[in-house]
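Presented below is the structure to which this report refers.
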Amino acid sequence: MKIPGATSVSLTIIQADYANPKHAAALVSLLDDYARDISGGGEPLSDFTKTSLVSALAARPQAFSVLAFDGTDPVGLVNCIEGFSTFACRPLVNVHDVVVIASQRGRRLGEKMLALVEQIAASRGACKLTLEVLQGNASAIKLYERIGFAAYQLDPAMGQAQFFQKWLGVPAH
């Protein structure tokens, strides 16, 4: 799937094909770049993750990824996992990773990739997109708010939702 207007002279935004070796290599390389950044934890991906991630995503029909290429160079990635909204009784799509390499920031690649994510989510019947973002990632928050994301709350008296995690076993980063 391509999003209209997302291809310029050198920029292409596409849904990743996990069976395509070029897409698989781009996905791992971009995610590793993100993991090494302070906003991704500052540590490289484990060897296990590097060798197993693409096949693990491919084995999950609820997963999809979007890639951005500048010519033949991979410059952006969004990984998504479909979940389910019990209140709406419809699928939802969680935007799990958004990656734009440092040299390409400011070109609105994140916005363009998320437009394709939204199109794919709508084609799956999803009622909404969800994501989590670190408070200190001001540029990402600005992007998400600009394209229509807002903090989650049901009743203002109860406040905004918070994101929690609990590792089961040893985390494989």
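Which order, highest average first, do 113-123, 14-24 follow once you tally other Cβ atoms within 10 Å for each residue and take the mean per peptide? Intermediate results must be reported in sequence, preceding the final value.
Working: 113-123: 19.5, 14-24: 16.0.
Final packing ranking: 113-123, 14-24.
Provide the net charge surrounding Gly40, with neighbours chosen by a C-beta distance below 10 Å and charges set as Lys +1, Arg +1, Asp -1, Glu -1. Can you show the working numbers first?
Numbers: positive: Arg36; negative: Asp32, Asp33, Asp37, Glu43, Asp97.
Charge balance near Gly40 sits at -4.
Among 58-66, 142-150, what's the highest-first ranking by average C-beta atoms within 10 angstrom per residue? Present the calculation step by step, with values, prior to reporting the outcome.
Details: 58-66: 16.2, 142-150: 13.4.
Result, highest mean first: 58-66, 142-150.
Please report, in debye to the nearest 20, how large the charge dipole of the chain is about its Cα centre when each Lys and Arg carries +1 at its beta carbon and each Asp and Glu carries -1 there.
On the way: 15 positive and 15 negative charges, 68 e Å.
My answer is approximately 320 debye.
What net charge is computed for the residues neighbouring Ala126, neighbours being all others with C-beta under 10 Å from the C-beta of Ala126, Lys and Arg scored +1, Asp and Glu -1?
On the way: positive: Arg90, Arg124, Lys128; negative: Glu82, Glu118.
Once all neighbours under 10 Å are counted, the net charge is +1.
Specify the residue with the greatest mean-square fluctuation among Asp33, Asp70, Asp155, computed from a Gaussian network of the chain linking alpha-carbon atoms under 10 Å apart.
Looking only at Asp33, Asp70, Asp155, the largest GNM fluctuation is found for Asp155.
Between Thr86, Thr12, Thr72, where does the largest GNM mean-square fluctuation fall for the chain, given springs only between Cα atoms within less than 10 Å?
Thr86
Could you put Leu92, Leu134 in order, starting from the residue whose Cβ has the fewest other Cβ atoms within 10 Å?
Details: Leu92 20, Leu134 12.
Starting with the residue having the fewest Cβ neighbours, the order is Leu134, Leu92.
What is the spin-label model distance, in nm, from Tyr152 to Arg124 if the labels are put 7 Å beyond Cα along the C-beta direction?
1.5
Can you flag which of Lys50/Lys128; Lys22/Lys112; Lys128/Lys166 are past 26 Å Cα-Cα?
Working: Lys50/Lys128 30 Å; Lys22/Lys112 21 Å; Lys128/Lys166 24 Å.
Distance filter (> 26 Å) returns Lys50/Lys128.
With point charges of +1 on the Cβ of Lys and Arg and -1 on the Cβ of Asp and Glu, referenced to the Cα centre of the chain, which listed residue (Ala58, Ile147, Ala161) lies farthest in the positive direction of the dipole?
Projecting each Cα onto the dipole axis, the largest value belongs to Ile147.
How much space per residue, in cubic angstrom, does the convex hull of the C-alpha atoms of region 11-131 take up? Please report the intermediate quantities before stating the final value.
Details: hull volume 13.0 nm³, N = 121.
Considering the Cα atoms of region 11-131, their hull volume per residue is 108 Å³.
Each reported figure results from applying straightforward, stated rules to the coordinates on display, with no laboratory input. Owing to the predicted nature of the structure, the values given are computational and were not obtained by experimental measurement. Heads up, the Cβs are rebuilt from the backbone with ideal geometry, glycines too, and the neighbour counts pull from every protein chain shown.
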